[in-house]
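Just so you know, all these numbers are worked out from the coordinates, no wet-lab data involved. No experiment lies behind these values; they were computed from the predicted model shown. Positions of Cβ are generated from backbone atoms using ideal geometry, with glycine treated the same way; all protein chains shown enter the neighbour counts.
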């Protein structure tokens, strides 16, 4: 593929979260080195504190949320750029009244999600 | 860094383009495997047809533009996802009346821009 619109990409529910869905915009089969995914967290939803084996490079597209990274908590908004190093605990919570949407890029390397609570 | 706002990141002019600027949101020093950049092309501006040694994974944030990839031309808008394979000729032209902004992720591998015209 060369060009596609995010709204046309299949949506999958993320069972480890609450009100969280994911679209794989550029898969690890399409991109030779890294993948582009878009996550949506509905109002009242979130992802519990967890770790991954790979880093995340993220960009907030719409909405607001709280993100915990290590011991710090950040409130993020559209245009915010988030870097979560590999193996650092992190979580998401959408306390707002609109969907929180963000891009999350990850390298084509083995990953495992470990829920911490 | 963990969180930063795109508007706070230094802007550099791209001399090979017309009305094109770049912000390095997550550098190849910060991200262990790939970098996140944001490009802005002003109305009437563009990038000439060129190749790179690395692939581009892109996401349109605002505005509209024409993008040429190989022999195809696409009109893109916010939410569009663009994949440009390594070494494939590509170009950008903003014929609209608002700035065209897009994210462009590249792997941490040697790159060279070759202008074709």
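Does any residue in region B:1-17 that is at the interface with another protein chain (Cβ under 7 Å from one of its Cβ atoms) come within less than 8 Å, Cβ to Cβ, of a residue that is surrounded by fewer than 12 Cβ atoms within 10 Å (Cβ to Cβ) and outside any loop (DSSP other than H, G, I, E, B) six or more places away or on a different chain, and which pairs are these?
Note: pairs meeting the criteria are B:2/A:72.
Going through region B:35-77 one residue at a time, which ones are within 7 Å of another protein chain (Cβ to nearest Cβ) and more than 18 Å from residue A:103 (Cβ to Cβ)?
First, the residues of region B:35-77 that are within 7 Å of another protein chain (Cβ to nearest Cβ): B:36, B:55, B:57, B:59, B:69, B:72, B:74, B:76.
Within region B:35-77, B:69, B:72, B:74 qualify.
Among (1) free of Cβ contacts under 8 Å to residues at least 24 places away in the same chain; (2) over 22 Å from residue A:9 (Cβ atoms); (3) more than 9 Å from chain B (Cβ to nearest Cβ), where does residue A:80 come up short?
(3) is the only condition that residue A:80 fails.
Go through (1) touching a helix residue (DSSP H, G or I) at 6+ places or on another chain (Cβ under 8 Å); (2) within 24 Å of residue A:24 (Cα to Cα) and name the single condition residue B:33 misses.
Only one criterion in (1) touching a helix residue (DSSP H, G or I) at 6+ places or on another chain (Cβ under 8 Å); (2) within 24 Å of residue A:24 (Cα to Cα) is unmet by residue B:33, namely (1).
For region B:83-108, give me each residue that is within 11 Å of chain A (Cβ to nearest Cβ) and farther than 18 Å from residue B:38 by Cα.
Within region B:83-108, B:85, B:86, B:88 meet the criteria.
Could we say that residue B:32 is surrounded by fewer than 16 Cβ atoms within 10 Å (Cβ to Cβ), at negative phi, at the interface with another protein chain (Cβ under 9 Å from one of its Cβ atoms) and in contact with a strand residue (DSSP E or B) (Cβ under 9 Å, 6 or more places away or on another chain) here?
Details: surrounded by fewer than 16 Cβ atoms within 10 Å (Cβ to Cβ): yes; at negative phi: yes; at the interface with another protein chain (Cβ under 9 Å from one of its Cβ atoms): yes; in contact with a strand residue (DSSP E or B) (Cβ under 9 Å, 6 or more places away or on another chain): yes.
Yes: the conditions hold for residue B:32.
Mind checking which residues of region A:81-110 are within 25 Å of residue B:78 (Cβ to Cβ), in a strand (DSSP E or B) and over 13 Å from the mean Cα position of the chain (by Cα)?
Selection gives nothing.
Quick test for you: out of A:86, A:99, A:65, pick the one residue that is out of contact with any strand residue (DSSP E or B) (no Cβ under 8 Å at 6 or more places or on another chain) and surrounded by 14 or more Cβ atoms within 10 Å (Cβ to Cβ). Don't jump to the end; show me each part of the working.
On the way: A:99 fails: out of contact with any strand residue (DSSP E or B) (no Cβ under 8 Å at 6 or more places or on another chain); A:65 fails: out of contact with any strand residue (DSSP E or B) (no Cβ under 8 Å at 6 or more places or on another chain).
A:86 is the lone residue from the list that is out of contact with any strand residue (DSSP E or B) (no Cβ under 8 Å at 6 or more places or on another chain) and surrounded by 14 or more Cβ atoms within 10 Å (Cβ to Cβ).
Only one of these is within 14 Å of the chain's Cα centre (by Cα), on the phi < 0 side of the Ramachandran plot and surrounded by 15 or more Cβ atoms within 10 Å (Cβ to Cβ): B:16, B:40. Name it. Spell out the reasoning first.
Working: B:16 fails: surrounded by 15 or more Cβ atoms within 10 Å (Cβ to Cβ).
Residue meeting the stated conditions: B:40.
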